[in-house]
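What follows is calculated from the coordinates using simple rules that are stated; it is not laboratory data. Worth saying up front: this structure is predicted, and the values here are computed from it rather than measured. Neighbour counts are summed over all protein chains in view; Cβ atoms, including those assigned to glycine, are modelled from backbone coordinates with ideal geometry.
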Amino acid sequence: MWTTRPPLLIALSLLSSFVVPAFGYVYLGPLYAALFLAGYLGGFVLWLLTSTQAPWSTIRMPYWLTLLAFLLLHKVEENRTKFFEVMSDQITRIPVPEVSAGLVVGLLVIPIGAWLAIPVLMGRGHEFGRFLAWTFFASMGITELAHFGLPLLTQRPYGYFPGMASVAVLAPLAWWGMWRLSR
């Protein structure tokens, strides 16, 4: 199935799929960029392949639950277990960057702002809101599964990796959102 969306919307959506991965590359390196790209570009492809016009009411509950799980469970777990430090020490060997305006804008304000715009945009029937919803759910339901693969990149026996536990809640919520969005 191919999309009938306007070419300008497709181009802008594709371009926006590379913004956060580009910031990830600059501040955190190629592995993070690839992980971010999986969610954003994956969401873009899923959005293109679906022709549904799912309204905001269809994804309201999975959206809010996924967002809460991300912010209150997953980000807290990553912070408490020092996810970025462990990634730096055991996998990337790239030092965790100092907090800067570019880092905050590129990896916090832009993605969270875009995801917080989903209810407003979809509530008003804007197709770009549906695109953002796909990137949100793909990032939470596909990319976050990387926590289960990251231990394979270390020199240690397979085991818990920071952020892994909350993905068991986060990913299924996002899958529910993708399922509702595709109906």
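Quick look at the values:
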read-out: Potential lengthening between Ala11 and Asn79 on full extension [0.36 nm per residue; Cα-Cα distance subtracted]; value: 21.0 nm
read-out: Whole-Hz ³J(HN,Hα) from phi, Karplus 6.51 cos²θ - 1.76 cosθ + 1.60, for segment 84-93, glycine and proline x; value: 5, 5, 5, 4, 5, 6, 9, 10, 7, 6
read-out: Simple spin-label estimate for Val26 and Ile94 in nanometres, 7 Å along Cα-Cβ; value: 1.3
read-out: Net charge of Cβ neighbours under 12 Å - reference Gly177; Lys, Arg +1; Asp, Glu -1; value: +4
read-out: FRET efficiency, Leu153 to Val19 (Cβ-Cβ, R0 41 Å, nearest 0.05); value: 0.95
read-out: For the chain: relative contact order, % (alpha-carbon pairs under 8 angstrom, 6 or more apart); value: 33
read-out: Label assignment, Rg/Rh (Cα atoms, Kirkwood Rh) derived from the structure, set (i) 1.04; (ii) 0.97; (iii) 1.33; value: (ii)
read-out: Per-residue HN-Hα couplings for segment 178-183 [Karplus 6.51, -1.76, 1.60; θ = phi - 60°; Hz; x = Gly/Pro]; value: 5, 4, 5, 5, 7, 7
